[in-house]
1. I'm trying to understand the selection: among the residues of region 152-188, which are in a loop (DSSP other than H, G, I, E, B) and modelled with pLDDT under 90?
2. What about residue 207, is it more than 20 Å from the chain's Cα centre (by Cα) and under 24 Å from residue 122 (Cα atoms)?
3. Quick one: would you say residue 123 is in contact (Cβ under 8 Å) with a residue 60 or more places away in the chain, part of a strand (DSSP E or B) and crowded, with 20+ Cβ neighbours inside 10 Å?
4. Please enumerate the residues belonging to region 140-151 that are assigned to a loop (DSSP other than H, G, I, E, B) and closer than 17 Å to residue 100 by Cα.
5. Conditions: (1) in contact with a helix residue (DSSP H, G or I) (Cβ under 8 Å, 6 or more places away or on another chain); (2) touching a residue at least 40 places away in the same chain (Cβ under 8 Å). Residue 281 meets all but one. Number of the miss?
6. Can you find a residue in region 152-166 that is buried (at least 22 other Cβ atoms within 10 Å of the Cβ), farther than 24 Å from residue 137 by Cβ and touching a strand residue (DSSP E or B) at 6+ places or on another chain (Cβ under 6 Å)?
7. Kindly indicate whether residue 276 is within 14 Å of residue 301 (Cα to Cα) and free of Cβ contacts under 8 Å to residues at least 24 places away in the same chain.
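The values are calculated or read from the model by the stated rules, or taken from the named source; none is laboratory data. Keep in mind that what you see is a predicted model, and the values were worked out from it rather than measured. When we count neighbours, we look across all protein chains shown, and the Cβ atoms used for this are built from the backbone with ideal geometry, even at glycine.
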């Protein structure tokens, strides 16, 4: 999608900054070693990387879980380099932020405060920051691979950590009340492992909030019939070929409603509900059509999903 290629899935290959560096540089506190901010117990990750009362664990190359280690599964260097490119946009804009904040507000009505909310692939923190403003008193943690993205998120006062979901999330099992994956899954190499990690860190009855562009959006159906590459899909990280637009977003997987719900069910999620949302770059004359078709999620521009861990 044209806007948010946050690199939460890129692990640290040889020669790249390690998770040990990230522990000192982009931990779960505005500044490593600072006192925990009010209302966020254990927000500081100590120098050894071992974690806090909220369950956050940041260690070099592993996620600590009962003494077991999960080795990094490094993504290809070109993908890592793509997401560290300063020309790659870090935010999808206000529409995405407002959508996710609204979904989170609805979920938190049934969750006792303070809830632990993990935004995987938080990018510049705009969505997590707005969600935190609308839902005060919660523990909001933003995770991303991009150092520049985390620097921006930290300036918003967010609790952040540098982590790649393909390498295992830096949280203990059954820690989070809500996991957010906002327009992230289309950027991931290993979608199965990413969803397994979200499932692992969620508490029983915890919620996954996920959004992603729809491969079967109404205009993509027409474009494909004409032999045009669908919007949101890409064949290269170096250029845009065969479809409208000029921004390389880094999308590796695309989903229809049926495919996405099937994948989530296979990974153990239940109570899967899908809604549609509009896409901000639809040409103005066609925006009324895009808005109306939100009521038909299978043909909507964006898929908004809420699912539960049993």
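1. Listed by number, the residues that qualify are 156, 157, 158, 163, 164, 168.
2. The answer is no for residue 207.
3. Judged against the criteria, residue 123 is not a match.
4. none
5. For residue 281, the exception is condition (1).
6. yes
7. no
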